[in-house]
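In what follows, a single structure is set out as structure tokens and then discussed.
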Amino acid sequence: IQLVKFGHNIPLYQKKNGEISIMAFGRKRQNDKGTSFRKTFVRGAINPMTLFLLIAALVVYWYVIFDVNNVYNFPRASERLKNYIIKGAGQWMKEAHGDNNSKSVQRYSYKRPVNADLWPKVALLLSFPNSGTSYTGKLVRRATLTITATNYGYNNLDEKGNSIPLFDWSPGGPFITNPENARNRYPQGRSYILTKSHCGGTCFGCPPKKYLLTEEEFIDSCLESSYKERFVKNKAIYDQSIIARTVHLIRNPFDNVVSRFHLKRNQMIGRAEYDWLDSYPDNKTGFRGFCTYLNKKFESQERDTSFGKGVREIFTRYQTIPCLSDFVRYFLWHNHALKATKTLGGKSMILYYEDYGINQKTAYDLVNFLHLNITHRLEEFRAGSGYLDHFEPDEIESVRLLGKEITDEGTW
């Protein structure tokens with residue numbers, strides 16, 4: 001008897017002259033009398049359980065390899081990209097790749113205890129990277145002399161190498177920003193603590209399976225924290241009930257994407273990657289050259305039909321856009337973030353980064369939304385150069401069409 005696995009013969013056992021010779025995992029074994037047998041097919045009756053397992057294995061193999069689209073009921077090419085993410089890609093990734101963001105992360109259900117103070121509460125700042133998050137947090141801290149918090153406690157340690165939880169009853173986060181800064185205090189009264197979160201799906205220069213998230217995965221990623229205990233890094237997902245309000249920060253997509261390139265350059269400077277820096281200088285030419293590299297890097301995966309034909313069509317139709325995948329990440333992220341503000345509950349504020357440079361009203365509106373008082377000078381806002389000149393007119397129009405196609409009407 002033998003089991004056939006992907007075309008390879010794996011004998012299980014052979015009966016000869018009333019004696020049994022066993023073959024395990026293709027390795028030859030001998031019976032008590034030393035009689036061996038060859039790795040050849042042996043005719044004989046098959047145990048019913050063995051037959052059942054063989055048929056089941058073949059059925060699973062057929063569906064997973066040859067008919068995955070039917071298994072997970074992917075939408076057809078006529079649907080917009082967001083439908084693939086909601087109905088298809090996220091489920092496919094969880095099952096086929098095991099890339100569920102919260103799979104290996106400790107989930108905490110700590111809620112505010114009955115005997116704990118009701119205030120202050122958390123206002124979650126949802127921001128795509130390089131959209132003005134640092135300035136927004138610094139503005140609140142310096143103008144009000146109160147603390148802010150973050151989901152990324154591993155970058156905010158005390159002298160013992162520990163991240164400090166914002167609330168002692170929620171050890172999984174959020175965490176105090178710059179805990180060694182004794183100048184800033186907990187706000188008094190019925191106020192809110194601005195808490196930074198980039199959520200998920202923001203990776204730069206990564207394959208689609210890393211940023212095509214379902215709504216549930218995105219919410220989990222907004223609540224996911226990274227922290228350290230005695231310099232040892234941990235991750236957790238804290239309870240959604242901790243969030244009382246949300247602030248959705250938005251920056252011009254063209255400036256946002258070019259700023260991501262600048263961040264990449266700064267990282268390479270820190271690594272002393274001078275050949276890379278010479279290949280991609282800090283100008284329009286360097287940016288467009290890097291985008292060409294990025295567009296080619298994951299071309300085969302972006303056109304993988306496992307994510308549904310709609311995903312492939314989007315990346316094919318808009319392939320001339322520089323750094324196309326980052327624009328896709330940007331639009332999908334904000335589409336998710338707008339839905340998340342409703343799911344997380346409480347009042348929500350939309351904040352446009354560029355409005356900081358128009359007048360001080362934006363800063364005052366934010367502080368009032370947090371129920372805080374401005375007691376010190378506002379942080380000076382230094383508007384950077386716009387980067388629209390890094391794109392050609394037809395590329396700008398293509399980005400507009402892309403955003404309209406892959407986001408909901410309310411988002412656009």
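The table for this structure:
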quantity: Electrostatic dipole magnitude of the range 312-412 [Cβ: Lys, Arg +1; Asp, Glu -1; Cα centre; debye, to 20]; calculated: 520 debye
quantity: Accessible area per residue in Å² at 1.4 Å probe, computed on the range 193-264; calculated: 32 Å²
quantity: By average C-beta atoms within 10 angstrom, highest first, the peptides 106-119, 238-251; calculated: 238-251, 106-119
quantity: Anisotropy class of the range 237-393 from Cα gyration tensor, a/c 1.5 cut; calculated: oblate
quantity: Unit charges at the beta carbon, dipole of the range 203-268: most positive-side option, 256, 221, 236; calculated: 256
quantity: At q = 0.16, 0.29, 0.31 Å⁻¹, base-10 log of I(q)/I(0) for the range 136-187 (Debye sum, equal scatterers on each alpha carbon); calculated: -0.41, -1.17, -1.25
quantity: For the range 167-180, 3J(HN,Hα) per residue [Karplus equation, 6.51 cos²θ - 1.76 cosθ + 1.60, θ = phi - 60°, Hz, x = Gly/Pro]; calculated: 10, 5, 8, 10, x, x, x, x, 10, 5, 6, 6, x, 7
quantity: Note, ³J(HN,Hα) from phi for the range 126-138, Karplus 6.51, -1.76, 1.60, rounded to Hz, x at Gly and Pro; calculated: 8, 8, 6, x, 6, 10, x, 5, 4, 5, 4, x, 5
quantity: Residue pairs, from the table 121/339; 228/361; 210/264; 196/297, whose Cα atoms sit over 27 Å apart; calculated: 228/361; 196/297
quantity: Listed peptides 143-151, 358-366, 310-318 by packing density, highest first (mean Cβ within 10 Å); calculated: 143-151, 310-318, 358-366
quantity: Cα gyration tensor, the range 324-412 - rounded (a/c under 1.5), prolate or oblate; calculated: oblate
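The values are calculated or read from the model by the stated rules, or taken from the named source; none is laboratory data. Note that the coordinates shown come from a computational prediction; the quantities given were computed from them, not determined experimentally. We place every Cβ from the backbone using ideal geometry, glycine too, and count neighbours over all the protein chains shown. What goes into the accessible areas is simple: the full protein's heavy atoms, side chains included, and nothing from ligands, DNA or RNA. Shrake-Rupley method; radii C 1.70, N 1.55, O 1.52, S 1.80 Å.
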